[in-house]
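Peer 1: Got a structure for you, questions after.
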Amino acid sequence: MRIRVLAMTTVFAALPHVAAAQQAPVSESFRTSAASAAKNLMAAAEEMPADKYSFKPTPAQMSFGDIVAHLVEGNDYLCGAIGGIKAPARAKVTGASGKDALLGELKDSFAFCDQALAKVDDSKLSEQLPFFGGKTRSRVGIMFVTVGDWADHYSQSAIYLRLNGLLPPTAKKQS
């Protein structure tokens, strides 16, 4: 009898949390994707040696540092649009800014994403928001663009790491 009471108490205590998560499955999933992207992109940026931030496979491609600088700008724009808040003023970084400066700004931009996305729920996914080139897109459309952008740039980073004899974070054995 005691076990049943304990089990029922546990279930009833957990119900509000389960219900809350199910009320915004798209937003919750997006926040999970954002956390995963932040972890992997930060780890890739940390893995690349400072002297390789200028590396680019061909002259037409972005350097590794350019990718990180682009992510900072993209995080501010995309997360700000999704969350409906303005990104903080930050020092302008370029691919030549150096590893420490770029890593610091990348970390800060993902912290901004956490803040901007914290209160996003599924009630306004179809809301039309200003987007590149004077166009509009739905909030959920911008969320999809953002996930694709993070995946694209992680893929680039992973390739650049491998071309320099380094394993990308997701290729390392987990202990």
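The values are calculated or read from the model by the stated rules, or taken from the named source; none is laboratory data. In this text, all values refer to a predicted model and were calculated from it rather than measured experimentally. Cβ atoms come from the backbone with ideal geometry, glycine included; neighbour counts cover every protein chain shown. Areas reflect the complete protein model, heavy atoms only, side chains present, ligands, DNA and RNA absent. Shrake-Rupley method; radii C 1.70, N 1.55, O 1.52, S 1.80 Å.
Peer 1: To test your reading of the geometry: what angle, between 0 and 90 degrees and rounded to tens, separates the Cα axis of helix 25-47 from the longest principal axis of the chain?
Peer 2: It works out to around 30 degrees.
Peer 1: Using 0.36 nm per residue, how much length does the chain from Ala151 to Lys172 gain when fully extended, once their Cα-Cα distance is taken away?
Peer 2: Numbers: separation 21, 0.36 × 21 = 7.56 nm, distance 1.75 nm.
The span from Ala151 to Lys172 would gain 5.8 nm if fully extended.
Peer 1: While we're on this one: The chain: longest stretch without exposed trypsin sites (Lys or Arg not before Pro) (DSSP loop, at most 15 other Cβ within 10 Å), sites themselves excluded?
Peer 2: Excluding the exposed sites themselves, the longest stretch runs over 1-85.
Peer 1: In Å², and per residue, what accessible area does the chain have when probed at 1.4 Å with the other protein chains present?
Peer 2: With all protein chains present, the chain gives 59 Å² per residue.
Peer 1: For the chain, what's the relative contact order in percent, using C-alpha pairs closer than 8 Å and at least 6 residues apart? If you can, show how the numbers build up before the last one.
Peer 2: Details: 186 pairs, mean separation 50.2, N = 175.
It comes to 29 percent, rounded to a whole number.
Peer 1: Modelled label-to-label distance, Ala96 and Ser54, 7 Å Cα→beta-carbon offset: nm?
Peer 2: Placing both labels 7 Å along Cα→Cβ, they lie 0.9 nm apart.
Peer 1: Compute the acute angle (0 to 90°) between the alpha-carbon long axis of helix 2-23 and the principal axis of greatest extent of the alpha-carbon atoms of the chain; round to the nearest 10°.
Peer 2: 50 degrees
Peer 1: How about the stretch 33-120: which chymotrypsin sites (Phe, Trp or Tyr not before Pro) there are in a DSSP loop, with at most 16 other Cβ atoms within 10 Å of their Cβ? Let's see the in-between values first.
Peer 2: Values: sites: Tyr53, Phe55, Phe64, Tyr77, Phe110, Phe112; in loops: Tyr53, Phe55.
Sites meeting the loop and neighbour criteria: Phe55.
Peer 1: For percent of Cα pairs over 24 Å apart, the listed values are [x] 35; [y] 46; [z] 43; which was obtained by calculation from the structure presented?
Peer 2: [y]
Peer 1: Taking the 0 to 90 degree range and rounding to the nearest ten, how far is the long axis of helix 64-83 tilted relative to the main principal axis of the chain, both from C-alpha atoms?
Peer 2: Taking Cα atoms only, the helix is inclined about 30 degrees.
Peer 1: Using a probe of 1.4 angstrom, how much of the accessible area of the chain is carbon and sulfur, in percent?
Peer 2: 60 percent
Peer 1: How high is the relative contact order of the stretch 108-175, in percent, with contacts defined as C-alpha pairs under 8 Å that are six or more residues apart?
Peer 2: Result for the stretch 108-175 is 15 percent.
Peer 1: How much mean residue ellipticity at 222 nm does the chain get from its helices, if each DSSP H run of length 4 or more adds -39500 (n - 2.57) and you divide by all residues, to the nearest 500 deg cm²/dmol?
Peer 2: Per the formula, -21500 deg cm²/dmol.
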